[in-house]
Structure formats: structure tokens, C-alpha cells
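Here's the structure, in C-alpha cells; my notes come after.
The values are calculated or read from the model by the stated rules, or taken from the named source; none is laboratory data. As the structure is a computational prediction, the values presented were derived from the model and not from experiment. Here Cβ is always computed from backbone atoms with ideal geometry, including for glycine, and neighbour counts include all displayed protein chains.
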Amino acid sequence: MSLIGIDVGSTGTKLSAYNSEGKSLGSVYAAHTPHHPFPGAWELDPEEIWKNSMNGLRQLISTESLIRDPPQVIAISASTREGFPVDATGKALGPCIMTADTRETGLEQTISNHYRPDEWFAFCGHMPERMDPVCRLLWWEKNHPSVIAKAKYFVGWGEYLNLRLAGQAVVDRSHAGRFLIYDFKTHQWSPERISEFGIDQDLLPEIRPWGTIIGELRTDVLASLGLKNQVEVAVGANDAVCCVLGAGVSNVGTGCLISGSWENMLLPVNAQPPASTLMSTGVSIGPYPGKASWMIYCLSPTGNAALNWVRDLVNVKIDEMETSLQNSDGGPGHVLAVPHVSGATVPWVGGSHLRAAFLGMTLATTPPDIVKAVMESIVYDMSYLIVALKKGGAKIDMLRGIGGGIRSGWWTQLKADLTRTVIETVDQPELGTLGAAILAGKAVGIWNDIESSAAAFTKANKRYEPNLQRASLFEKRMEFYHSLISEWLKKDWDKMRA
């Protein structure tokens with residue numbers, strides 16, 4: 001019997017099937033249709049994601065590989081901190097407001113004052129922020145009370161698909177850990193904070209541990225797919241956790257660099273680090289299903305979403321850009337970018353109001369110069385973050401790089417150089433779906449040690465060693481960039497709003 005992982009990301013849904021040896025039996029991908037009804041808004045239609053998931057399942061199970069090896073279990077990997085109301089059947093009652101959506105609620109500021117920062121980190125590993133699912137839920141209650149009155153649940157992508165597939169709105173600990181009402185001590189919702197913020201607990205999905213079965217596919221889903229064998233749905237995890245797990249990252253000292261729509265870095269740790277370390281860098285922490293039972297999240301919206309935006313803006317193709325980069329000299333270009341089109345998180349604490357800008361352009365500036373500047377500045381942020389984390393006691397000896405951005409050899413080498421850290425790439429193309437499939441396999445008893453399985457399924461295929469001589473060419477530029485952003489953080493960027 002085969003395993004299926006479904007990975008719902010910011011820009012598309014991927015579905016992959018694997019056998020019990022971790023071999024891919026096929027993959028399907030469907031792009032999402034983004035909606036931007038006003039500046040700063042980013043929404044997706046949940047019904048489109050459901051249709052894409054069902055169509056992808058039909059395509060997968062109709063392949064010769066899965067006809068011979070029918071699916072036994074499905075698990076979901078999904079982007080986190082995104083939520084929307086649904087009715088009892090799972091039908092969406094409104095759009096999903098994406099994590100990078102910059103609409104402000106103001107609620108996070110009020111909520112933050114209820115506890116000291118160190119208390120928040122002890123509770124749930126992060127400070128209240130606009131994209132926290134609790135703030136999104138309260139936004140819906142404030143702005144669309146009639147919709148919330150009709151809602152049965154407020155769900156993210158994982159819980160949404162679990163509900164539509166198996167009839168139960170179940171969330172795992174990694175997704176739940178991104179809610180400010182999660183309790184690290186009990187690994188359940190906090191009754192005290194639920195009451196304090198006036199949340200209807202009935203709207204919240206049920207938290208279940210990894211390695212467990214949610215239920216069987218609903219009969220109408222089975223009939224729609226044309227499946228004759230019963231298929232179970234297992235507890236998955238958020239996409240970051242699934243990618244780290246699929247990449248075979250489990251030992252303390254090895255991090256995972258996820259160069260996707262966001263530029264994220266995740267570090268497995270054995271114990272919850274001091275709040276002072278977390279607060280000074282803008283990172284957060286959450287549960288992890290591996291032996292290192294905690295994960296430091298360094299999440300930045302300034303990744304490929306920003307890079308794709310600027311490439312589209314100046315009409316530069318990916319292949320053309322890589323050729324131009326490889327032919328450029330080793331040092332920084334003449335343009336300096338502030339790449340924060342969706343605001344900044346790590347390492348710029350308080351940078352949610354920052355926006356993009358370009359400095360140093362002349363009549364000789366070309367479109368590739370502008371794209372290169374964004375790529376360089378994204379690496380500057382990453383370098384400052386690693387320095388801050390190491391000062392706080394984090395152990396970072398090596399990174400395993402995954403995601404679409406890693407395909408740029410020039411960019412990955414620059415990341416190794418400026419962070420002074422070895423970066424390995426891996427031989428598995430779809431790590432989010434693989435991580436979900438590994439969790440699915442554990443739930444049905446195919447294997448007990450998920451990390452040994454991941455290590456067997458995923459190997460390093462390329463290694464980027466830091467070039468310290470090249471890094472020295474960027475020192476003055478990075479100093480200037482650091483002083484610029486530090487000064488800009490003091491500005492009242494609300495005055496820029498129309």
C-alpha cells in the first residue's frame with residue numbers, strides 16, 4: 001500500500017505518492033489563483049484548493065503505479081497562520097487571508113499588553129502578531145460577525161482538508177503551536193487565554209498528536225475518487241515541519257533553509273531556548289515531532305514571493321537572470337534594495353511596517369541589476385539573523401537548503417559565503433509531501449523511527465562551501481544596509497499610507 005502527502009503552500013498545492021521505501025510513485029501540482037482586492041491584501045479561495053486537491057488525488061490514483069499499489073493513508077502538510085471560517089460540512093464561508101496579507105487589525109497590540117514578552121514566549125513561543133490565527137479569528141468576529149455566527153469551525157489548510165476528507169476538524173501540534181492560545185505545558189488550547197480574549201472554543205479544531213489516525217475517508221469522497229479500498233487520514237504537520245523532516249534534518253547543529261515564497265530557516269533544538277534569545281531576533285519556537293522535540297522558526301516573508309514580484313515588475317525570466325548572475329563579478333551590484341514588500345520579521349524586530357525601496361539607481365541601471373539587488377539584500381537579512389542566533393547560543397554548523405530558490409546556484413553560493421555556513425542541497429524534489437507521507441507511515445505502523453526513515457529517503461547531492469574572500473567584498477555594503485534599516489525602523493511608516 002502507498003502513502004500520499006498533500007502539501008498546500010502559498011502558491012500551489014502538490015500531491016505526491018510514495019511506497020514504503022520512500023520511493024516516489026508520482027506527483028501532481030496545481031497553482032493557486034491569488035486575489036489582491038486592495039493594496040496589501042492577499043487572499044485565496046478555499047474551494048479552489050479543495051477542487052485542486054480532489055483533482056490531484058484522481059490523477060494520482062489513476063496512474064499505473066498507484067493502481068498496482070493503492071493508497072493506504074493520506075496526511076497533510078500545509079502553510080500555517082492562515083485561517084478562515086467554514087460550516088459543518090467544511091464549506092468555506094469566506095476567503096483565506098494569507099500570512100503575508102498586510103491588513104492590520106490593531107488587536108495584536110492590545111493583546112500583547114496582557115502579558116510580558118517573556119511570559120508570551122513561555123506560553124506559546126511567540127508574541128502576538130497580525131498573522132497569528134487568533135488575531136485573524138478576532139478580525140473576522142469584528143468585521144464580519146454575521147459570517148462567524150454561521151461558522152462551525154475556524155480552520156487552516158490542514159484542518160480544512162482533514163474536515164473535508166475525513167469529517168473531523170483536527171489540527172496537529174505544530175499548527176496549533178502557532179496560535180497564541182496554545183499551551184506548551186499541556187499541548188492543548190489554554191482555557192484561560194480562550195476566556196480572556198473572548199474566543200468561542202467550539203470554533204477551534206481538535207488538537208491531536210503526531211502518529212495517530214484521524215479517521216477514514218468519507219464515503220462521498222471515496223465514491224468521488226472511485227476508490228474501492230478504504231483509505232485513512234493521519235495527523236500531518238505544518239509545511240515547515242514537514243519540509244525539515246523530509247530533508248532529513250534532525251540533529252542539533254544542522255538547520256534547514258527553506259527558500260520558498262518565504263525565506264525561512266528552522267533549527268531543531270532539544271530544549272526551549274531562553275526568551276531573551278528569541279525576542280532579540282524576532283524568531284519563535286514550536287513543537288517538533290522528531291527527537292529534538294522543539295523547533296526554532298525564523299520566518300521571513302521576504303523570499304521568492306518578493307523575488308518573483310520584482311522579476312515580473314521588470315520582466316526578467318529566471319533562466320536569463322541566472323545567466324546574468326553567473327556572468328557578473330563577485331562583489332555587490334551598484335543598486336541597494338530594501339526588499340521588504342510584505343514587511344520584515346527576522347531579524348528586524350518591529351519591522352512589519354517596512355516596505356520595499358531601491359537606492360543607487362542610475363540611467364545605466366538594468367532590470368537584472370534590480371533583481372540582483374533584491375537577492376543580495378535577502379541574504380544580508382539571513383546573515384544578520386545567523387550572527388544574532390549564534391550570539392544567543394544557537395548551534396548552527398550547517399544548513400540543508402531546499403525550495404525553489406535553492407535552484408539558483410549563484411544565490412545559494414552567496415548565502416553560504418555571507419553567512420559563512422556550509423549549505424547542502426538534497427536529492428528529494430518534494431520534501432513537504434515526503435514529510436507528510438513519513439508522518440502518515442508512522443500513523444499506520446509502517447515505521448516507528450521517522451528520522452531514520454527520512455535519513456534513508458533523503459541524501460545530500462551538492463555542497464556549497466563558504467568563500468570568505470568573496471564575503472569580504474560585501475562587508476561595507478552590509479554595514480551600510482544594516483545602518484539604513486536600523487534608521488528606517490524608527491520612521492512612522494503609517495504616514496506612507498494613502
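Here are some notes:
- Taken residue by residue, the stretch 78-97 has at least one member that is basic (K, R), surrounded by fewer than 20 Cβ atoms within 10 Å (Cβ to Cβ) and modelled with pLDDT of 90 or more.
- The residues of the stretch 442-470 that are of a type in the set (G, A, S) and at pLDDT below 95, listed by number, are G445, S452, S453, A454, A455, A456, A460.
- For the stretch 443-482, a residue qualifies if it is of a type in the set (A, V, I, L, M, F, W, C) and closer than 20 Å to G409 by Cβ, and the qualifying residues are A460, L468, A471, L473, F474.
- Odd one out for A234, checked against (1) surrounded by fewer than 23 Cβ atoms within 10 Å (Cβ to Cβ); (2) more than 21 Å from F84 (Cα to Cα): (1)
- Filtering the stretch 139-152 to residues that are surrounded by fewer than 22 Cβ atoms within 10 Å (Cβ to Cβ) and not in a helix (DSSP H, G or I) leaves H144, K152.
- Residue match in the stretch 292-304 (condition: surrounded by fewer than 19 Cβ atoms within 10 Å (Cβ to Cβ), part of a loop (DSSP other than H, G, I, E, B) and among the hydroxyl-bearing types (S, T, Y)): yes
- Residue within the stretch 332-348 that is of a type in the set (S, T, N, Q) and farther than 18 Å from C298 by Cα present: no
For every residue, the table says whether it meets (1) under 21 Å from E232 (Cβ atoms); (2) assigned by TED's automatic domain parsing to the domain that holds P332.
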{"position": "M398", "(1), (2)": "no, yes"}
{"position": "I402", "(1), (2)": "no, yes"}
{"position": "Q413", "(1), (2)": "no, yes"}
{"position": "G432", "(1), (2)": "yes, no"}
{"position": "S453", "(1), (2)": "yes, no"}
{"position": "A456", "(1), (2)": "no, no"}
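Residue-by-condition table, conditions (1) part of a loop (DSSP other than H, G, I, E, B); (2) under 30 Å from I446 (Cβ atoms):
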| residue | (1), (2) |
| --- | --- |
| G22 | yes, yes |
| V28 | no, yes |
| Q72 | no, yes |
| T99 | yes, no |
| T102 | yes, no |
| E108 | no, no |
| E129 | yes, no |
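- Here the condition is being surrounded by fewer than 20 Cβ atoms within 10 Å (Cβ to Cβ), under 21 Å from the mean Cα position of the chain (by Cα) and not aromatic (F, W, Y); of R136, R130, R103, it holds for R103 alone.
- Which listed residue is surrounded by 20 or more Cβ atoms within 10 Å (Cβ to Cβ) and of a type in the set (F, W, Y), from W309, W262: W262
- Sole residue being farther than 22 Å from G215 by Cα, β-branched (V, I, T) and touching an Asp or Glu at 6+ places or on another chain (Cβ under 8 Å), chosen from T63, T99, T11, T110: T99
- Filtering the stretch 155-214 to residues that are of a type outside the set (S, T, N, Q), part of a helix (DSSP H, G or I) and either under 19 Å from the mean Cα position of the chain (by Cα) or not assigned by TED's automatic domain parsing to the domain that holds E108 (or both) leaves W157, G158, E159, Y160, L161, R173, H175, A176.
- Of the numbered criteria (1) small (G, A, S); (2) more than 29 Å from I67 (Cα to Cα); (3) not assigned by TED's automatic domain parsing to the domain that holds A305, the one S224 fails is (2).
- Within the stretch 397-423, the set of residues being touching a helix residue (DSSP H, G or I) at 6+ places or on another chain (Cβ under 7 Å), among the aliphatic types (A, V, I, L, M) and either over 28 Å from T323 (Cα atoms) or part of a helix (DSSP H, G or I) (or both) comprises I406, L414, L418.
- The stretch 349-359: number of residues that are in contact with an Asp or Glu (Cβ under 9 Å, 6 or more places away or on another chain) and within 24 Å of I296 (Cβ to Cβ): 1
- G56 being within 26 Å of P205 (Cβ to Cβ) and not in a loop (DSSP other than H, G, I, E, B): yes
- Selection status of N461, loosely packed, with under 13 Cβ neighbours inside 10 Å, under 28 Å from L418 (Cα atoms), free of Cβ contacts under 8 Å to residues at least 40 places away in the same chain and not assigned by TED's automatic domain parsing to the domain that holds L359: yes
- Hey, S10 out of contact with any helix residue (DSSP H, G or I) (no Cβ under 6 Å at 6 or more places or on another chain) and part of a loop (DSSP other than H, G, I, E, B) or not: yes
- Any chance L363 is on the phi < 0 side of the Ramachandran plot, out of contact with any helix residue (DSSP H, G or I) (no Cβ under 9 Å at 6 or more places or on another chain) and not charged (D, E, K, R): yes
- For the stretch 464-498, the tally of residues that are touching a helix residue (DSSP H, G or I) at 6+ places or on another chain (Cβ under 9 Å), crowded, with 18+ Cβ neighbours inside 10 Å, among the hydrophobic types (A, V, I, L, M, F, W, C) and in a helix (DSSP H, G or I) stands at 3.
- Qualifying position, being crowded, with 24+ Cβ neighbours inside 10 Å, modelled with pLDDT of 95 or more and under 19 Å from I423 (Cα atoms), among L257, L245: L257
- Restricted to the stretch 30-53, and to residues there that are part of a helix (DSSP H, G or I) and touching a residue at least 60 places away in the same chain (Cβ under 8 Å), the residue that is farthest from G441 (Cα to Cα) is P46.
- Criterion applied to A394, A440 was being in contact with a Pro (Cβ under 8 Å, 6 or more places away or on another chain) and either outside any helix (DSSP H, G or I) or of a type in the set (G, A, S) (or both), and the one residue passing it is A394.
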